[in-house]
Amino acid sequence: MTKFFSYFLCIFLFVSCSGDSGIADIEEPDPDPDPDPVTTAYPFGVNLSGGEFGGVYPGVDGTHYGYPTSKDLDYFKSKGLTLIRFPFRWERVQHELNGNLYSVDLGKMKTFVKAAEDRDMPVILDMHNFARRSFDGGVTSVVIDGGPELTRDHLADVWMRLANEFKSYKNIWGYDIMNEPYSMPSSTAWFTIAQAVIDKIRLVDTQTPIIISGDRFSSALHWVQFSDNLRNLKDPSDNLIFQAHVYFDKNISGAYAGTYEEEQATPDTGVTRIKPFVEWLKEHNKRGLIGEYGVPDNDPRWLVVLENMLVYMSDNGVPGTYWSAGPRWGAYKLAVQPTNNYTTDRPQMQVLEKYTKTNSK
């Protein structure tokens, strides 16, 4: 009874009690406690290829290349895979450097983006050029900032024009300014190119996220070695997303020339290869994306590798887009394009459809 009375006396007098009373010190509650952190659930999805196909530029639509359709969108939405990375080629949307955008291909791109918008599906506009551009129909390519023929200002110009055309759409998840730059003129070349593009886009669009791929084919495993300097990029809108890619074969190419054993794969190969990138994101408080990953359809052990990585990505709040889908892939062993008039799933889909959003708290 004495301890009970002492407890309430302490509360009434707002004094701290200890010792014989047996009651711990009482502290006033925080008048404005910090709320628990909330992690956004980001969508998973696929690459819908076709617009980047063919080795002839600009080429003939329907012969050398072709854009995906609303049927493709409907199928992947039915699977819950709503984030669409939409590859296209620079040479097809802008025939002349610093020139107007080519209205025919631009119009077809807009038709696809609008179809996705109508279905509440976010789209990543992916310039799939590897930091290069062909000037002779595709026989050879010139590297950006590798000479006066092709400079960072040329890339910045086309992206300013693209941003001006697409900024009014409500479903642009990000401007993916360049797929897989590699073998650049210097270790700082890609950084300075990306900064120039950011600056130019922000003259016309201050809202849409800008996606920055890493150097060396955007390798997640080699991110710190080749792309650490990208964390110093400046965006006045503070809205950058960093993108890495990963494949599980021995040389990380995605060719999968050998068997599971020959490629020296293990169930944790995917986790091991993206961990340097994910840890870098967390260390520097950056937002990230795994924009390409894929497995062959000929051995179920690859599905285990894929699923383990998707679990790790989901737990760490990093979304991704599988490589690849689209109506022009045919028998490509990594493809998840459905067969039999969209009625038959590819084997990889049994894993992919289980992971449609990252985990949130």
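The values are calculated or read from the model by the stated rules, or taken from the named source; none is laboratory data. Note that this is a predicted model, so its numbers are computed, not measured. Note: ideal-geometry Cβ built from the backbone for every residue, glycine included; neighbour counts use all protein chains shown.
Quick notes on this structure:
Here is a yes/no grid of residues against (1) under 29 Å from Asp118 (Cα atoms); (2) crowded, with 17+ Cβ neighbours inside 10 Å; (3) in contact with a helix residue (DSSP H, G or I) (Cβ under 6 Å, 6 or more places away or on another chain); (4) not assigned by TED's automatic domain parsing to the domain that holds Gln94:
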{"site": "Phe166", "(1), (2), (3), (4)": "yes, yes, no, no"}
{"site": "Ile172", "(1), (2), (3), (4)": "yes, yes, yes, no"}
{"site": "Pro181", "(1), (2), (3), (4)": "no, yes, yes, no"}
{"site": "Ile193", "(1), (2), (3), (4)": "no, yes, yes, no"}
{"site": "Ile198", "(1), (2), (3), (4)": "yes, yes, no, no"}
{"site": "Val204", "(1), (2), (3), (4)": "yes, no, yes, no"}
{"site": "Ile210", "(1), (2), (3), (4)": "yes, yes, yes, no"}
{"site": "Leu240", "(1), (2), (3), (4)": "yes, yes, no, no"}
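- Counting the residues of segment 258-284 that are under 24 Å from the mean Cα position of the chain (by Cα) and among the charged types (D, E, K, R) gives 6.
- Any hit, segment 299-317, residues being within 16 Å of the chain's Cα centre (by Cα), buried (at least 22 other Cβ atoms within 10 Å of the Cβ) and of a type in the set (S, T, N, Q): no
- Scanning segment 109-124 for residues that are farther than 14 Å from Lys170 by Cβ and buried (at least 18 other Cβ atoms within 10 Å of the Cβ) turns up Met109, Phe112, Ile124.
- For the condition part of a loop (DSSP other than H, G, I, E, B) and over 23 Å from Asp74 (Cβ atoms), Asp157 does not qualify.
- Qualifying positions in segment 273-324 - in a loop (DSSP other than H, G, I, E, B) and not charged (D, E, K, R): His284, Asn285, Tyr293, Gly294, Val295, Pro296, Asn298, Pro300, Asn316, Gly317, Val318, Pro319
- Restricting segment 216-229 to residues that are without any contact (Cβ under 8 Å) to a residue 40 or more places away in the chain and farther than 18 Å from Gly320 by Cα, the residue that is farthest from the chain's Cα centre (by Cα): Gln225
- Among residues of segment 125-146 being of a type in the set (D, E, K, R) and not in a loop (DSSP other than H, G, I, E, B), the one that is surrounded by the fewest Cβ atoms within 10 Å (Cβ to Cβ) is Arg132.
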